[in-house]
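Laboratory data are not the source of any read-out in this text; all were calculated from the coordinates shown. All values derive from a computational prediction rather than experimental measurement. A quick note on method: Cβ atoms are made from the backbone with ideal geometry, for glycine too, and the neighbour counts reach across all protein chains shown.
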Amino acid sequence: MRRVVILGCAGAGKTTLAVTMGERFSLPVIHLDTLLGPSGPEAYREKLAAAIAGDAWVMEGHPWHVREFADTLDLSVPRADVVLFVHQPRWLSLWRVIRRSLDRPEDWREQLGWPSLNWIWTFERRVRPPAERALAAYATPVVHLNGDRDIAAFLDGRMLRAGGQAGRVGPEQTSQ
C-alpha cells in the first residue's frame, strides 16, 4: 500500500489519519486543500496530477463541495492502491470543525457559516451516496473506517475491509 486516497466529511479525521500514515509508513502527505486556489479547475487538475505523479503518497481531502473540482477522482483513484472513506458521527465532525476554527485565522472563521455547517450535517445523506457511486466506477478497493476505533485498528494493522475482504495492513505492505 504505497498510494492512499483518504476521503470523508470535514472533521472526520482525514488530515490526522494522513499525517499519521505519512509518519508511520514514510509516505509523503498531500493535502488537497493546499491545491485549491482562485486559478480554476484546469489549474487544480494540473496541480493534482503533479502531486500524485510519484510512486508513493497519502492524499487527504476532496473538494466535494466545489462542483467544478469534484470531477477529479479520475486522476487520483485509479492511481491509488486503496481509498479510505472515513465516517464519524455528524455531531463529532461538527464539534471538531468548530473547535478547529477557533485556532484558525479570522478570515478562515468567517467561512464557517451556516452553509458549511449544513454541509457537514447533511454529508452522509447528501454527499456520501453520490461519492460512493462515483467510487464504484473504479477497481480501486474502498475501505470504510467508521469512527476512531476503525481508524486505530486500521493503523495498527488489525483490519482492512475492502470489497468484503479482510486482511492485514501494516508497514510490511507499504514497502512493496
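Using a Förster distance of 30 angstrom, determine the FRET efficiency expected from the C-beta separation of W121 and T20, and round it to 0.05.
Once rounded, the FRET efficiency stands at 0.70.
Arrange D74, D103 by Cβ neighbour counts within 10 Å, fewest through most, would you?
Exposure proxy ranking, most exposed first: D103, D74.
Taking the Cβ of each residue in V83, V29 as the centre, tally the other Cβ atoms inside 10 Å and list the residues starting with the fewest.
V29, V83
Could you list M21, M59 so that the one with the fewest beta carbons within 10 Å of its beta carbon is first and the one with the most is last?
Least crowded to most crowded, the residues run M21, M59.
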